[in-house]
Every structure is written in structure tokens, then in C-alpha cells.
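Have a look at the structure below, then the notes.
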Amino acid sequence: DTAVSQTPKYLVTQMGNDKSIKCEQNLGHDTMYWYKQDSKKFLKIMFSYNNKELIINETVPNRFSPKSPDKAHLNLHINSLELGDSAVYFCASSQARMAEAFFGQGTRLTVV
Amino acid sequence: GIQVEQSPPDLILQEGANSTLRCNFSDSVNNLQWFHQNPWGQLINLFYIPSGTKQNGRLSATTVATERYSLLYISSSQTTDSGVYFCAVKPHGNNDMRFGAGTRLTVKP
């Protein structure tokens, strides 16, 4: 009964391709997030959604777009992939903005 | 924006030793969490501790919000404690959880 699940766990793709990473949470939380972890292990927020509204959008290239079909899902679409997009992407969720956040297992994206 | 500093950046221990990890933050926060990223990359919740002290087995944490720091104590360390420990905070009025750079812990048998 994984609380926050991401698919796929690994993704290898060529430059220029378009790909999506899916995230689902079964905790009944109302806020979901996407984080990027770079090669130096630094974690930085990319997006968050609260009640289907985007409430944070860091300085992320517009090739990245979050899509939330419902409160339990927040997918990440990436267009025209570049080598520098290679990283581990984590989905997370929390109940209310200030509450404890729970993370998925991560998706390791490798662009070749 | 808020700055989150963790120390030490790296720590090597013999199994059975105790350690203290520190997290300093530059502004008032609504939320503070400690995570363990294990060697397989999973981020595991250790503590949600905006203030006060909590204990869970061999681990305990204390946050002194007025002085803007938090401490994570690991006692009788085991090899399975190895990994990276992250502190993350949510500043007042901001939904954005900011992470420190982490402390990389290696526990040797």
C-alpha cells in the first residue's frame, strides 16, 4: 500500500524526446509537489498543486509542465528533453500547505 | 529566500557510536522535517518537528524554533543508518519546502 507512488522508476531516453512521469497518492492529501534532485544530491522544488491550482512555479523551463487530472494525481510532462534534464525527480504530497510531506520513491531520468 | 545549512557535510562513524547532526535556518518556519535518504535513493520521513523534542527508537530530534536550529541525534549507530540526512523547512507564508544540502553519514562495521 504505497502512499505516494511514481512511475516509471527508471527512464532512459534520447535528447529531443517528450516524456511523462506519473504520480499518485492514496493519502487523501490536497497538495502535491515535484522536486528535482541533481547529481550533487541537492533537492529543489519545481511545482506544487493545491486543490488543482498551481501555487508554486520555480524558475523551471517551460518545457516542464505539471498536469493534475484530480486531487490524487500530479503528472510531470517534459518536452524536448535535454542532457541537463538528467536527474532524479521526486513527487510528494501533504495535507495542507504546512503539514508533513511524504515522498515517492523517485524517478531516475537519464537523457542520452 | 531562507537559507538552510546542515553540518557536518560528511560524517564517518564506527558501528555503535553516537552522533549529532545540526540544521540551522535563517528565518522563522512553520514546518521542519528530517529525512533519511538511504543508499537506494528513497527519502524516508524521520521526524516532523517544527518545535520541541521527539524520539523514535535510537533517533531523536530537537528543534529550537526561536533560535532557528534543529538537531538530530543518532545513538548506537548501525550500518543501516548510512545514507544522507536532510533537513527541510517551510518558511512562514510560503508553501515551498527548502532543503539543506544534507549530511552524508557512513557507518562502518
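Observations, loosely collected:
- Taking the DSSP beta bridges with both ends in segment B:4-108, the antiparallel portion is around 90 percent.
- With the cut-off at under 14 Å, measuring from each backbone N in segment B:21-60 to a point 7 Å along the Cα-to-Cβ line of residue B:80 picks out B:38-40, B:57-59.
- Dipole in debye (nearest 20) - the protein assembly as shown, about Cα centre, beta carbon charges: Lys, Arg +1; Asp, Glu -1: 160 debye
- Cross-link partners for residue A:22 among the lysines, with Cα-Cα distance under 21 Å and sequence neighbours closer than 8 places in the same chain left out: A:9, A:36, A:44, A:52, A:67, A:71.
- Local net charge near residue A:21, Cβ-Cβ under 15 Å (Lys/Arg +1, Asp/Glu -1): +4
- Chain B, relative contact order [Cα under 8 Å, separation at least 6], %: 37 percent
- Each part gets one Cα centre, and for segment A:36-102 versus segment B:35-109 those centres are 22 Å apart.
- Straight-line reach from residue B:108: taking Cα to Cα under 22 Å and skipping same-chain neighbours fewer than 8 places apart, the lysines in range are A:41.
- Here B:66, B:53 are placed in order of increasing Cβ neighbour count within 10 Å, fewest first, which gives B:66, B:53.
- Footprinting exposure proxy for A:67, A:40, B:90 (fewest neighbouring C-beta atoms within 10 Å first): A:40, A:67, B:90
- In segment A:4-111, Cα pairs under 8 Å separated by at least six residues give a relative contact order of 38 percent.
- Put in line by how crowded their Cβ is, counting other Cβ atoms within 10 Å and starting with the fewest, B:40, B:34 read B:40, B:34.
Values in this text are rule-based calculations from the coordinates and carry no lab data. Treat the numbers as computed from the prediction; the structure is a model and nothing was measured. Neighbour counts run over all protein chains shown; Cβ positions are idealised from the backbone, glycine included.
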